[in-house]
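The values are calculated or read from the model by the stated rules, or taken from the named source; none is laboratory data. For clarity, every value in this text was computed on a predicted model and none was experimentally measured. Quick reminder, even Gly has a Cβ in these numbers, built from the backbone with ideal geometry, and neighbours come from all protein chains shown. Surface areas here come from the heavy atoms of the whole protein model, side chains and all, with no ligands, DNA or RNA. Shrake-Rupley method; radii C 1.70, N 1.55, O 1.52, S 1.80 Å.
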Amino acid sequence: MHNRRNFLKTAALAGGAVALSGLTGCAMGSRPRGHVVVVGGGYGGATAAKYLRMWSQKGVDVTLVERNPQFISCPISNLVIGGDKQMADITMSYTGLRDTWGVKVIEDSVIALDAAARKLRLASGGELGYDRLVLSPGVDFMFEQVPGLEREEARSRVLHAWKAGAQTVALRKQLEDMPDGGVYALTIPRAPYRCPPGPYERACLVANYLKKSKPKSKVLVLDANEEITSKKALFTTAFERYAGILEYRPNSELREVDAASRTATFDFDTVKADVLNVVPPQRAGDIAAGSGVKLVNKRWVDIDWLSFESVNTPGVHVIGDAIFPAPTMPKSGHIANQHAKIAAAAILNLLAGEAPNPEPVLMNTCYSFVDSKNVIHVSSIHQYDAAKKVVLPVPGSGGVSAAANELEGKYAMAWAKNIWADMLV
(Lines give C-alpha, C1' and ligand atoms only; values in the text may rest on other atoms or scores of the structure.)
Protein backbone atom coordinates (compact mmCIF):
# COMPACT_ATOMS: atom_id res chain seq x y z
CA MET A 1 0.00 0.00 0.00
CA HIS A 2 2.79 2.43 0.89
CA ASN A 3 4.61 1.79 -2.39
CA ARG A 4 1.42 2.20 -4.40
CA ARG A 5 0.69 5.54 -2.76
CA ASN A 6 4.23 6.71 -3.52
CA PHE A 7 3.86 5.60 -7.13
CA LEU A 8 0.59 7.50 -7.52
CA LYS A 9 2.06 10.67 -6.05
CA THR A 10 5.22 10.44 -8.15
CA ALA A 11 3.25 9.82 -11.32
CA ALA A 12 0.94 12.72 -10.52
CA LEU A 13 3.83 15.13 -10.11
CA ALA A 14 5.31 13.93 -13.39
CA GLY A 15 2.15 14.90 -15.24
CA GLY A 16 0.93 11.34 -15.66
CA ALA A 17 3.64 9.70 -17.73
CA VAL A 18 1.71 6.42 -17.74
CA ALA A 19 -0.51 7.84 -20.48
CA LEU A 20 2.31 8.29 -22.96
CA SER A 21 2.63 4.76 -24.31
CA GLY A 22 1.52 3.76 -27.79
CA LEU A 23 2.95 6.51 -29.99
CA THR A 24 4.03 4.04 -32.65
CA GLY A 25 4.22 6.30 -35.70
CA CYS A 26 6.64 8.84 -34.29
CA ALA A 27 8.58 6.26 -32.31
CA MET A 28 9.36 4.33 -35.49
CA GLY A 29 10.60 7.44 -37.29
CA SER A 30 7.51 7.99 -39.43
CA ARG A 31 6.88 11.76 -39.66
CA PRO A 32 3.15 12.47 -39.67
CA ARG A 33 2.10 15.61 -41.52
CA GLY A 34 -1.04 17.66 -41.55
CA HIS A 35 -2.85 20.44 -39.76
CA VAL A 36 -4.60 19.89 -36.43
CA VAL A 37 -6.84 22.58 -34.97
CA VAL A 38 -7.44 22.52 -31.20
CA VAL A 39 -10.43 24.44 -29.84
CA GLY A 40 -10.10 25.42 -26.18
CA GLY A 41 -6.89 26.14 -24.29
CA GLY A 42 -7.63 24.57 -20.90
CA TYR A 43 -6.11 21.51 -19.27
CA GLY A 44 -7.06 19.36 -22.24
CA GLY A 45 -6.61 21.66 -25.21
CA ALA A 46 -3.31 23.27 -24.21
CA THR A 47 -1.81 19.84 -23.46
CA ALA A 48 -3.00 18.44 -26.79
CA ALA A 49 -1.54 21.37 -28.73
CA LYS A 50 1.85 21.05 -27.06
CA TYR A 51 2.14 17.27 -27.34
CA LEU A 52 1.03 17.20 -30.97
CA ARG A 53 3.94 19.50 -31.79
CA MET A 54 6.43 17.82 -29.45
CA TRP A 55 5.71 14.22 -30.41
CA SER A 56 5.60 15.00 -34.14
CA GLN A 57 8.97 16.77 -33.82
CA LYS A 58 7.10 19.87 -35.05
CA GLY A 59 6.12 18.04 -38.23
CA VAL A 60 2.39 18.59 -37.67
CA ASP A 61 1.02 22.13 -37.83
CA VAL A 62 -1.12 23.00 -34.82
CA THR A 63 -3.49 25.92 -34.36
CA LEU A 64 -5.02 26.61 -30.96
CA VAL A 65 -8.21 28.68 -30.86
CA GLU A 66 -8.90 30.10 -27.40
CA ARG A 67 -11.20 33.00 -26.56
CA ASN A 68 -9.22 34.12 -23.51
CA PRO A 69 -5.81 35.83 -23.74
CA GLN A 70 -4.40 33.80 -20.83
CA PHE A 71 -4.92 30.43 -19.17
CA ILE A 72 -6.68 30.65 -15.78
CA SER A 73 -6.76 27.47 -13.70
CA CYS A 74 -10.03 26.25 -12.20
CA PRO A 75 -8.11 23.92 -9.85
CA ILE A 76 -6.65 26.17 -7.10
CA SER A 77 -9.22 28.92 -7.87
CA ASN A 78 -11.16 28.10 -4.69
CA LEU A 79 -8.13 29.38 -2.80
CA VAL A 80 -8.69 32.76 -4.47
CA ILE A 81 -12.33 32.71 -3.36
CA GLY A 82 -11.22 31.82 0.17
CA GLY A 83 -8.69 34.68 0.19
CA ASP A 84 -5.52 32.55 0.29
CA LYS A 85 -4.34 33.14 -3.31
CA GLN A 86 -4.55 35.91 -5.89
CA MET A 87 -5.65 35.63 -9.51
CA ALA A 88 -2.03 36.12 -10.58
CA ASP A 89 -1.20 32.82 -8.85
CA ILE A 90 -3.50 30.85 -11.18
CA THR A 91 -3.02 32.82 -14.41
CA MET A 92 -0.45 31.84 -17.05
CA SER A 93 0.53 32.83 -20.57
CA TYR A 94 0.26 30.86 -23.81
CA THR A 95 3.67 32.25 -24.80
CA GLY A 96 5.42 28.90 -24.30
CA LEU A 97 3.06 27.13 -26.68
CA ARG A 98 3.64 29.79 -29.31
CA ASP A 99 7.35 30.54 -28.94
CA THR A 100 8.77 27.20 -27.76
CA TRP A 101 6.53 24.75 -29.57
CA GLY A 102 5.42 26.74 -32.58
CA VAL A 103 1.70 26.46 -31.92
CA LYS A 104 -0.27 29.14 -33.75
CA VAL A 105 -2.45 30.68 -31.03
CA ILE A 106 -5.57 32.55 -32.18
CA GLU A 107 -7.59 34.54 -29.65
CA ASP A 108 -11.07 33.96 -30.99
CA SER A 109 -14.18 31.80 -30.61
CA VAL A 110 -15.49 29.08 -32.91
CA ILE A 111 -19.14 29.62 -33.81
CA ALA A 112 -19.71 26.86 -36.37
CA LEU A 113 -18.27 23.53 -37.46
CA ASP A 114 -18.65 22.00 -40.92
CA ALA A 115 -17.35 18.49 -40.25
CA ALA A 116 -17.97 17.30 -43.81
CA ALA A 117 -15.80 20.07 -45.25
CA ARG A 118 -13.44 19.97 -42.24
CA LYS A 119 -13.77 23.70 -41.66
CA LEU A 120 -14.43 25.96 -38.67
CA ARG A 121 -15.99 29.41 -38.74
CA LEU A 122 -14.63 31.96 -36.26
CA ALA A 123 -16.50 34.74 -34.47
CA SER A 124 -14.16 37.24 -36.13
CA GLY A 125 -15.42 36.11 -39.53
CA GLY A 126 -12.51 33.93 -40.65
CA GLU A 127 -12.42 30.24 -41.48
CA LEU A 128 -9.99 27.49 -40.52
CA GLY A 129 -9.50 24.21 -42.34
CA TYR A 130 -8.12 21.14 -40.62
CA ASP A 131 -7.09 17.54 -41.19
CA ARG A 132 -7.96 16.60 -37.63
CA LEU A 133 -9.87 18.61 -35.03
CA VAL A 134 -9.61 18.46 -31.23
CA LEU A 135 -12.51 19.97 -29.31
CA SER A 136 -11.75 20.73 -25.68
CA PRO A 137 -14.54 23.19 -24.87
CA GLY A 138 -15.11 22.29 -21.24
CA VAL A 139 -18.65 22.75 -19.97
CA ASP A 140 -21.45 25.20 -20.46
CA PHE A 141 -24.34 25.72 -18.09
CA MET A 142 -27.96 24.59 -18.39
CA PHE A 143 -29.52 27.77 -17.04
CA GLU A 144 -32.84 26.73 -18.54
CA GLN A 145 -33.02 24.20 -15.71
CA VAL A 146 -32.69 26.92 -13.08
CA PRO A 147 -35.79 29.14 -13.25
CA GLY A 148 -34.81 32.66 -12.34
CA LEU A 149 -31.33 32.51 -13.84
CA GLU A 150 -32.29 32.60 -17.51
CA ARG A 151 -31.25 36.27 -17.89
CA GLU A 152 -27.71 37.62 -17.73
CA GLU A 153 -28.79 40.32 -15.29
CA ALA A 154 -29.78 37.67 -12.73
CA ARG A 155 -26.58 35.70 -13.35
CA SER A 156 -24.47 38.78 -12.62
CA ARG A 157 -25.98 38.90 -9.14
CA VAL A 158 -26.13 35.16 -8.37
CA LEU A 159 -22.73 33.81 -9.42
CA HIS A 160 -21.48 30.32 -10.22
CA ALA A 161 -17.70 31.00 -10.35
CA TRP A 162 -17.40 27.53 -11.90
CA LYS A 163 -15.23 28.88 -14.70
CA ALA A 164 -12.18 30.60 -13.27
CA GLY A 165 -11.94 34.25 -14.22
CA ALA A 166 -14.05 37.34 -13.63
CA GLN A 167 -16.62 35.51 -11.53
CA THR A 168 -13.89 34.16 -9.26
CA VAL A 169 -12.96 37.74 -8.39
CA ALA A 170 -16.60 38.82 -8.12
CA LEU A 171 -17.51 36.02 -5.72
CA ARG A 172 -14.53 36.85 -3.54
CA LYS A 173 -15.71 40.48 -3.38
CA GLN A 174 -19.24 39.39 -2.43
CA LEU A 175 -17.78 37.46 0.49
CA GLU A 176 -15.63 40.40 1.55
CA ASP A 177 -18.69 42.69 1.43
CA MET A 178 -20.91 40.24 3.35
CA PRO A 179 -21.62 41.42 6.91
CA ASP A 180 -20.50 39.37 9.89
CA GLY A 181 -23.52 37.25 10.71
CA GLY A 182 -24.44 36.83 7.05
CA VAL A 183 -25.24 33.62 5.19
CA TYR A 184 -23.28 32.16 2.27
CA ALA A 185 -25.33 29.48 0.49
CA LEU A 186 -23.81 27.14 -2.09
CA THR A 187 -26.02 24.93 -4.27
CA ILE A 188 -24.59 21.79 -5.93
CA PRO A 189 -26.23 20.16 -8.98
CA ARG A 190 -26.75 16.45 -9.50
CA ALA A 191 -23.65 14.64 -10.74
CA PRO A 192 -21.98 14.51 -13.19
CA TYR A 193 -20.54 18.00 -13.16
CA ARG A 194 -17.07 19.50 -13.53
CA CYS A 195 -14.76 18.68 -10.59
CA PRO A 196 -16.81 16.44 -8.24
CA PRO A 197 -15.02 17.53 -5.01
CA GLY A 198 -14.88 21.20 -6.02
CA PRO A 199 -18.04 22.41 -4.26
CA TYR A 200 -17.09 20.74 -0.98
CA GLU A 201 -13.60 22.21 -1.16
CA ARG A 202 -15.15 25.64 -1.78
CA ALA A 203 -17.45 25.26 1.21
CA CYS A 204 -14.45 24.45 3.43
CA LEU A 205 -12.38 27.39 2.20
CA VAL A 206 -15.26 29.86 2.56
CA ALA A 207 -15.95 28.50 6.06
CA ASN A 208 -12.25 28.86 6.88
CA TYR A 209 -12.33 32.52 5.78
CA LEU A 210 -15.51 33.26 7.72
CA LYS A 211 -14.24 31.47 10.84
CA LYS A 212 -11.25 33.80 10.92
CA SER A 213 -12.80 37.04 9.67
CA LYS A 214 -16.59 36.88 10.17
CA PRO A 215 -17.19 34.25 12.87
CA LYS A 216 -20.90 35.01 13.32
CA SER A 217 -21.58 34.00 9.72
CA LYS A 218 -22.83 30.71 8.30
CA VAL A 219 -22.14 28.46 5.31
CA LEU A 220 -25.06 26.42 3.94
CA VAL A 221 -24.17 23.60 1.52
CA LEU A 222 -27.31 22.61 -0.39
CA ASP A 223 -26.52 19.44 -2.33
CA ALA A 224 -28.92 17.95 -4.89
CA ASN A 225 -27.16 14.61 -4.47
CA GLU A 226 -28.02 12.06 -1.78
CA GLU A 227 -24.58 12.39 -0.22
CA ILE A 228 -21.15 13.95 -0.72
CA THR A 229 -20.10 12.71 -4.16
CA SER A 230 -16.31 12.66 -3.72
CA LYS A 231 -14.02 11.91 -0.73
CA LYS A 232 -17.11 11.54 1.45
CA ALA A 233 -15.43 10.43 4.67
CA LEU A 234 -12.69 13.03 4.39
CA PHE A 235 -15.06 15.90 3.66
CA THR A 236 -17.40 14.76 6.42
CA THR A 237 -14.48 15.08 8.84
CA ALA A 238 -13.53 18.44 7.33
CA PHE A 239 -17.07 19.74 7.74
CA GLU A 240 -16.99 18.73 11.41
CA ARG A 241 -14.07 21.07 12.02
CA TYR A 242 -16.36 23.92 10.95
CA ALA A 243 -19.20 22.90 13.26
CA GLY A 244 -21.34 25.91 14.11
CA ILE A 245 -20.41 27.68 10.87
CA LEU A 246 -21.01 25.07 8.14
CA GLU A 247 -24.22 23.09 7.65
CA TYR A 248 -24.53 20.36 4.99
CA ARG A 249 -27.97 19.46 3.59
CA PRO A 250 -28.18 16.58 1.07
CA ASN A 251 -31.22 15.90 -1.18
CA SER A 252 -31.60 19.64 -1.71
CA GLU A 253 -32.35 20.03 -5.40
CA LEU A 254 -32.69 23.64 -6.49
CA ARG A 255 -36.07 24.51 -8.04
CA GLU A 256 -36.00 28.27 -8.46
CA VAL A 257 -33.92 31.36 -7.78
CA ASP A 258 -35.00 34.93 -7.02
CA ALA A 259 -31.84 36.81 -7.89
CA ALA A 260 -33.11 40.16 -6.59
CA SER A 261 -33.53 38.85 -3.04
CA ARG A 262 -30.88 36.09 -3.36
CA THR A 263 -33.46 33.48 -2.41
CA ALA A 264 -33.25 29.81 -3.42
CA THR A 265 -36.31 27.57 -3.43
CA PHE A 266 -36.15 23.80 -2.87
CA ASP A 267 -38.85 21.13 -2.59
CA PHE A 268 -39.36 21.58 1.14
CA ASP A 269 -37.40 24.70 2.00
CA THR A 270 -36.58 28.27 1.00
CA VAL A 271 -33.20 29.81 1.76
CA LYS A 272 -32.41 33.52 1.71
CA ALA A 273 -28.70 34.28 1.59
CA ASP A 274 -26.45 37.31 1.69
CA VAL A 275 -24.25 35.55 -0.88
CA LEU A 276 -25.98 32.96 -3.07
CA ASN A 277 -23.56 30.83 -5.11
CA VAL A 278 -25.39 28.56 -7.57
CA VAL A 279 -23.43 25.90 -9.47
CA PRO A 280 -25.85 25.05 -12.31
CA PRO A 281 -26.31 21.72 -14.11
CA GLN A 282 -23.76 21.33 -16.90
CA ARG A 283 -23.27 19.82 -20.35
CA ALA A 284 -20.62 19.75 -23.04
CA GLY A 285 -19.46 23.20 -24.16
CA ASP A 286 -21.55 24.90 -26.83
CA ILE A 287 -19.32 24.19 -29.84
CA ALA A 288 -19.40 20.45 -29.09
CA ALA A 289 -23.06 20.27 -28.07
CA GLY A 290 -24.17 22.11 -31.20
CA SER A 291 -21.80 20.60 -33.74
CA GLY A 292 -23.68 17.42 -34.64
CA VAL A 293 -21.45 15.02 -32.72
CA LYS A 294 -23.40 12.30 -30.91
CA LEU A 295 -24.40 13.18 -27.35
CA VAL A 296 -25.31 10.92 -24.46
CA ASN A 297 -28.33 12.15 -22.46
CA LYS A 298 -28.29 15.25 -24.67
CA ARG A 299 -25.37 16.46 -22.57
CA TRP A 300 -22.03 14.71 -23.07
CA VAL A 301 -20.13 13.70 -26.20
CA ASP A 302 -19.90 9.97 -27.02
CA ILE A 303 -16.36 9.05 -28.07
CA ASP A 304 -14.19 6.11 -29.09
CA TRP A 305 -11.92 5.61 -26.09
CA LEU A 306 -8.95 4.49 -28.21
CA SER A 307 -8.71 7.78 -30.10
CA PHE A 308 -11.23 10.14 -28.43
CA GLU A 309 -12.78 10.51 -31.88
CA SER A 310 -16.51 11.21 -31.98
CA VAL A 311 -18.40 7.97 -32.65
CA ASN A 312 -20.37 9.57 -35.49
CA THR A 313 -18.15 12.39 -36.80
CA PRO A 314 -14.84 11.29 -38.38
CA GLY A 315 -11.86 13.55 -37.79
CA VAL A 316 -13.34 15.25 -34.71
CA HIS A 317 -11.75 14.28 -31.38
CA VAL A 318 -13.30 15.48 -28.11
CA ILE A 319 -11.50 15.56 -24.75
CA GLY A 320 -11.89 16.84 -21.22
CA ASP A 321 -15.06 17.71 -19.33
CA ALA A 322 -17.21 17.65 -22.48
CA ILE A 323 -17.21 13.85 -22.92
CA PHE A 324 -19.47 11.22 -21.39
CA PRO A 325 -17.35 9.92 -18.52
CA ALA A 326 -16.11 6.37 -18.21
CA PRO A 327 -17.11 4.50 -15.01
CA THR A 328 -15.71 6.25 -11.90
CA MET A 329 -13.71 8.67 -14.07
CA PRO A 330 -14.13 12.24 -12.78
CA LYS A 331 -14.32 15.41 -14.81
CA SER A 332 -11.01 16.81 -13.55
CA GLY A 333 -8.11 18.88 -14.83
CA HIS A 334 -5.70 15.96 -14.50
CA ILE A 335 -7.99 13.63 -16.46
CA ALA A 336 -8.32 16.24 -19.23
CA ASN A 337 -4.52 16.38 -19.41
CA GLN A 338 -4.49 12.58 -19.77
CA HIS A 339 -7.23 12.60 -22.41
CA ALA A 340 -5.13 15.07 -24.39
CA LYS A 341 -2.06 12.86 -24.44
CA ILE A 342 -3.93 9.77 -25.56
CA ALA A 343 -5.77 11.77 -28.23
CA ALA A 344 -2.54 13.43 -29.43
CA ALA A 345 -0.78 10.06 -29.74
CA ALA A 346 -3.77 8.56 -31.57
CA ILE A 347 -4.01 11.50 -33.98
CA LEU A 348 -0.34 11.31 -34.87
CA ASN A 349 -0.64 7.58 -35.48
CA LEU A 350 -3.72 8.12 -37.65
CA LEU A 351 -1.96 10.87 -39.64
CA ALA A 352 0.91 8.42 -40.16
CA GLY A 353 -1.52 5.75 -41.40
CA GLU A 354 -1.33 3.63 -38.27
CA ALA A 355 -3.82 2.46 -35.66
CA PRO A 356 -4.02 4.06 -32.20
CA ASN A 357 -2.53 2.32 -29.18
CA PRO A 358 -4.94 -0.55 -28.31
CA GLU A 359 -4.24 -0.40 -24.56
CA PRO A 360 -4.24 3.22 -23.37
CA VAL A 361 -3.86 3.97 -19.66
CA LEU A 362 -4.90 7.09 -17.79
CA MET A 363 -4.44 8.23 -14.23
CA ASN A 364 -5.94 10.89 -12.06
CA THR A 365 -4.93 12.65 -8.87
CA CYS A 366 -7.26 15.20 -7.35
CA TYR A 367 -6.28 17.39 -4.40
CA SER A 368 -8.74 19.37 -2.28
CA PHE A 369 -7.91 22.04 0.27
CA VAL A 370 -9.90 21.99 3.51
CA ASP A 371 -8.16 25.16 4.71
CA SER A 372 -5.24 27.25 3.46
CA LYS A 373 -2.66 24.52 4.20
CA ASN A 374 -4.31 21.15 4.86
CA VAL A 375 -5.23 19.00 1.88
CA ILE A 376 -6.83 15.65 1.00
CA HIS A 377 -6.47 13.68 -2.22
CA VAL A 378 -7.84 10.77 -4.22
CA SER A 379 -5.96 8.92 -6.99
CA SER A 380 -6.95 6.32 -9.57
CA ILE A 381 -5.64 4.49 -12.64
CA HIS A 382 -7.84 3.53 -15.60
CA GLN A 383 -7.14 1.20 -18.53
CA TYR A 384 -8.95 0.42 -21.76
CA ASP A 385 -11.02 -2.78 -21.76
CA ALA A 386 -11.14 -4.15 -25.32
CA ALA A 387 -14.15 -6.37 -24.64
CA LYS A 388 -16.28 -3.55 -23.24
CA LYS A 389 -14.70 -0.83 -25.42
CA VAL A 390 -14.43 1.58 -22.52
CA VAL A 391 -11.84 2.68 -19.99
CA LEU A 392 -12.28 1.01 -16.60
CA PRO A 393 -10.61 1.52 -13.21
CA VAL A 394 -7.70 -0.80 -12.51
CA PRO A 395 -8.66 -2.94 -9.48
CA GLY A 396 -6.68 -2.02 -6.39
CA SER A 397 -5.05 1.00 -7.99
CA GLY A 398 -6.93 3.72 -6.15
CA GLY A 399 -5.43 5.79 -3.34
CA VAL A 400 -6.92 8.22 -0.86
CA SER A 401 -5.60 10.37 1.98
CA ALA A 402 -5.70 8.97 5.48
CA ALA A 403 -6.49 12.47 6.75
CA ALA A 404 -6.02 16.11 5.80
CA ASN A 405 -2.48 17.33 6.42
CA GLU A 406 0.03 19.99 5.42
CA LEU A 407 2.32 17.59 3.52
CA GLU A 408 -0.56 16.91 1.13
CA GLY A 409 -0.76 20.69 0.69
CA LYS A 410 2.82 20.72 -0.58
CA TYR A 411 2.02 17.85 -2.93
CA ALA A 412 -1.02 19.76 -4.19
CA MET A 413 0.92 22.88 -5.11
CA ALA A 414 3.71 20.78 -6.66
CA TRP A 415 1.06 18.99 -8.73
CA ALA A 416 -0.37 22.30 -9.93
CA LYS A 417 2.97 23.80 -10.89
CA ASN A 418 4.10 20.63 -12.66
CA ILE A 419 0.93 20.14 -14.64
CA TRP A 420 0.84 23.81 -15.66
CA ALA A 421 4.40 23.43 -16.94
CA ASP A 422 3.46 20.16 -18.65
CA MET A 423 0.73 22.01 -20.56
CA LEU A 424 2.22 25.38 -21.29
CA VAL A 425 6.02 25.45 -21.08
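Need one word for region 113-206: rounded, prolate or oblate. Basis is the Cα gyration tensor (sqrt eigenvalues a ≥ b ≥ c); a/c below 1.5 gives rounded, then a/b vs b/c decides. It is prolate, given that a/c is not under 1.5 and a/b is the larger ratio.
Can you tell me the length gained on complete extension of the stretch ASP177 to ALA387, counting 0.36 nm per residue apart and subtracting the Cα distance? Before the final figure, lay out the partial values.
Details: separation 210, 0.36 × 210 = 75.60 nm, distance 5.57 nm.
Difference between extended and current length: 70.0 nm.
Could you work out how far apart the two model spin labels at GLU144 and SER109 are, taking each label as a point 7 Å from the Cα in the direction of the beta carbon, and quote it in nm? Modelled inter-label distance: 1.8 nm. Between ASP302 and GLU227, the simple spin-label model (points 7 angstrom out along Cα→Cβ) gives 3.2 nm.
To the nearest 500 deg cm²/dmol, what mean residue ellipticity at 222 nm is calculated for the chain from DSSP H runs of n ≥ 4 alone, each contributing -39,500 (n - 2.57), summed and divided by the residues? Walk me through the numbers before you get to the answer.
Details: 11 runs with 117 residues, N = 425.
So the helix-based figure for the chain works out to -8000 deg cm²/dmol.
Looking at the square roots a ≥ b ≥ c of the eigenvalues of the Cα gyration tensor of region 144-280, which shape do they give, rounded for a/c under 1.5, prolate if a/b is larger than b/c, or oblate? Before the final figure, lay out the partial values.
Values: a/c = 1.43, a/b = 1.12, b/c = 1.28.
Rounded, because the longest to shortest axis ratio a/c is under 1.5.
The calculated FRET efficiency for ARG98 paired with LYS212, based on their beta-carbon distance and R0 = 45 Å, is about 0.60. At what distance in nm do the modelled label points of ALA355 and LYS272 sit from each other, each positioned 7 Å from its Cα along Cα→Cβ? So the label points at ALA355 and LYS272 sit 6.6 nm apart.
Tally the DSSP beta bridges in region 252-341 and give the antiparallel ones as a percent, rounded to 5. Mind dumping the intermediate values first?
Values: 11 of 12 bridges.
Around 90 percent antiparallel, to the nearest 5.
Separation of region 185-205 and region 352-416, taken as the distance between their Cα centroids, equals 19 angstrom. Most simply put, region 144-280 has about 30% antiparallel DSSP beta bridges, counting only bridges with both residues inside it.
If you take every DSSP beta bridge whose two residues both sit in the chain, what share of them, in percent to the nearest 5, is antiparallel? Antiparallel: roughly 55 percent of the beta bridges in the chain. Each part reduced to its alpha carbon centroid, region 231-245 and region 34-102 end up 34 Å apart. For the chain, the solvent-accessible area with a 1.4 angstrom probe is 40 square angstrom per residue. The aspartates and glutamates within cross-link reach of LYS272, meaning a Cα-to-Cα straight distance under 14 Å and a gap of 8 or more places when in the same chain, are GLU256, ASP258. The angle between the Cα long axis of helix 166-177 and the main principal axis of the chain comes to about 10°, on a 0 to 90 degree scale.
Fully extending the segment from SER156 to MET413, taken as 0.36 nm per residue of separation minus the present Cα-Cα distance, adds 89.4 nm.
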